[in-house]
Amino acid sequence: MDIKCWGSRGSISVSGDQYLKYGGDTTCIEITARSGETIILDAGTGIRRLGNSLIERDISRYTVLFTHAHWDHILGIAFFRPLQYRKVKMVFQNRTFSGLSSKAVLKEVMKQPFFPIGLKDLRADIQFDTTLNGTFTIGSIRIETISSSHSGGGLGYKFIENKKTFVFLTDNELGFDHPEGKGFDAYVKFSRNADLLFHDAEYTEREYKRKRSWGHSSVQDVMDLALKARVKRLGLFHLNQDRTDDQMDKIVQACQTDLKKKNASLDCFAVPCNMEIHL
């Protein structure tokens, strides 16, 4: 599978010279199966650039999955240009978010007075599929899910293809058990031996002490998870909206120094916009 990050920022998009390396767009991941299917994971502001790219590549069929429905994971959908093309077919995962269906959530994003056109005005063939939950397949990729530890709940994903595994756990607090969460050990098991793990790592240890129960993890807890799960590569995700490139580089450097002291083989990095990985 091919994985591309179109947005890794958390909470709100940012701009400025100090954010150029890691980018300012919020969560959006593109996954391309060996069998050709395109999977879009979350519709943060990064989906705008992804939409332009899909048009340029003449790709017109895709499936959209959601971790949850907080603004930074859905707001970009209104600016996803392929929705204006009749030849486009989009299948949305149909779930319930605090009593609202996926369709109802999207209607809320695109309605007056917040947006000039509604879901009914779009030209694309839009479908909502309830089978895209639990364990399911899209083309040659098998997908497993787990409830995340986050305010309001959410889902983490495991993508498996050709004996390679990519685990995506953003907005998942490892140091505090939210009602829907499964606990630290369950996330270790879910991530076991993953070739690649992207995990929410919004806070330093000092920051986390003040923001425990906010729904996000400390870098140290994520490192602990990755080592216990024997993950091969760890991508720090959901980058804090105020974290500059230089500050993020220092965090990564500290992680790498710690891993070296432990004689650990884990490859740790922060996930920037436009990063591409082939598994």
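Give the residue, chosen from ILE12, ILE31, that is on the phi < 0 side of the Ramachandran plot and surrounded by 18 or more Cβ atoms within 10 Å (Cβ to Cβ). It is ILE31. Against the conditions (1) more than 30 Å from ALA33 (Cα to Cα); (2) assigned to a loop (DSSP other than H, G, I, E, B), ARG230 satisfies every one except (1).
Filtering the range 177-200 to residues that are closer than 13 Å to ASP221 by Cα and either in contact (Cβ under 8 Å) with a residue 40 or more places away in the chain or not in a loop (DSSP other than H, G, I, E, B) (or both) leaves PHE184, ASP185, TYR187, VAL188, HIS199, ASP200. When THR131 is tested against (1) under 18 Å from LYS232 (Cα atoms); (2) loosely packed, with under 15 Cβ neighbours inside 10 Å, just one condition goes unmet, and that condition is (1). Annotation: VAL109 fulfils all but one of (1) aliphatic (A, V, I, L, M); (2) more than 18 Å from LYS4 (Cα to Cα); (3) free of Cβ contacts under 8 Å to residues at least 24 places away in the same chain; the unmet one is (3). Condition test on GLU108, is it part of a strand (DSSP E or B), in contact with a strand residue (DSSP E or B) (Cβ under 9 Å, 6 or more places away or on another chain), farther than 18 Å from THR130 by Cα and of a type in the set (Asp, Glu)? No. Restricting attention to the range 150-164 and to residues that are outside any strand (DSSP E or B) and in contact (Cβ under 8 Å) with a residue 12 or more places away in the chain, the residue that is farthest from PHE136 (Cα to Cα) turns out to be SER151.
Among the residues of the range 111-149, those identified as of a type in the set (A, V, I, L, M) and not in a strand (DSSP E or B) are ILE117, LEU119, LEU122, ALA124, LEU132.
Residues in the range 177-193 that are buried (at least 18 other Cβ atoms within 10 Å of the Cβ) and touching a Lys or Arg at 6+ places or on another chain (Cβ under 7 Å): VAL188, PHE190. Condition check for SER151 on (1) modelled with pLDDT of 95 or more; (2) surrounded by fewer than 22 Cβ atoms within 10 Å (Cβ to Cβ); (3) more than 27 Å from LYS262 (Cβ to Cβ); (4) of a type outside the set (A, V, I, L, M, F, W, C): one failure, at (1). If you go through the range 60-76 one residue at a time, do you hit one that is more than 17 Å from the chain's Cα centre (by Cα) and either surrounded by fewer than 15 Cβ atoms within 10 Å (Cβ to Cβ) or of a type in the set (A, V, I, L, M) (or both)? No, that holds for no residue. Within the range 150-184, restricting attention to residues that are acidic (Asp, Glu) and more than 11 Å from the chain's Cα centre (by Cα), the residue that is nearest to THR38 (Cα to Cα) is GLU161. Taking the numbered list (1) closer than 30 Å to ASP249 by Cα; (2) in contact (Cβ under 8 Å) with a residue 60 or more places away in the chain in turn, ARG34 passes all entries but (1).
Residue-wise test of (1) within 17 Å of HIS73 (Cβ to Cβ); (2) part of a strand (DSSP E or B); (3) at pLDDT 95 or above.
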| residue | (1), (2), (3) |
| --- | --- |
| ILE12 | yes, no, yes |
| SER15 | no, no, yes |
| GLN18 | no, no, yes |
| TYR22 | no, no, yes |
| ILE31 | yes, yes, yes |
| GLY36 | no, no, yes |
| GLY44 | yes, no, yes |
| ILE47 | yes, no, yes |
| GLY51 | yes, no, yes |
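Checking THR67 against (1) assigned to a helix (DSSP H, G or I); (2) under 24 Å from GLN241 (Cα atoms), which single condition isn't satisfied? Condition not satisfied by THR67: (1). Considering only residues of the range 246-278 that are in contact with a Phe, Trp or Tyr (Cβ under 6 Å, 6 or more places away or on another chain) and in a loop (DSSP other than H, G, I, E, B), which is surrounded by the fewest Cβ atoms within 10 Å (Cβ to Cβ)? So, considering only residues that are in contact with a Phe, Trp or Tyr (Cβ under 6 Å, 6 or more places away or on another chain) and in a loop (DSSP other than H, G, I, E, B), the one surrounded by the fewest Cβ atoms within 10 Å (Cβ to Cβ) is PRO272.
The values are calculated or read from the model by the stated rules, or taken from the named source; none is laboratory data. Because the structure is predicted, anything quoted here is derived from the model rather than measured. Here Cβ is always computed from backbone atoms with ideal geometry, including for glycine, and neighbour counts include all displayed protein chains.
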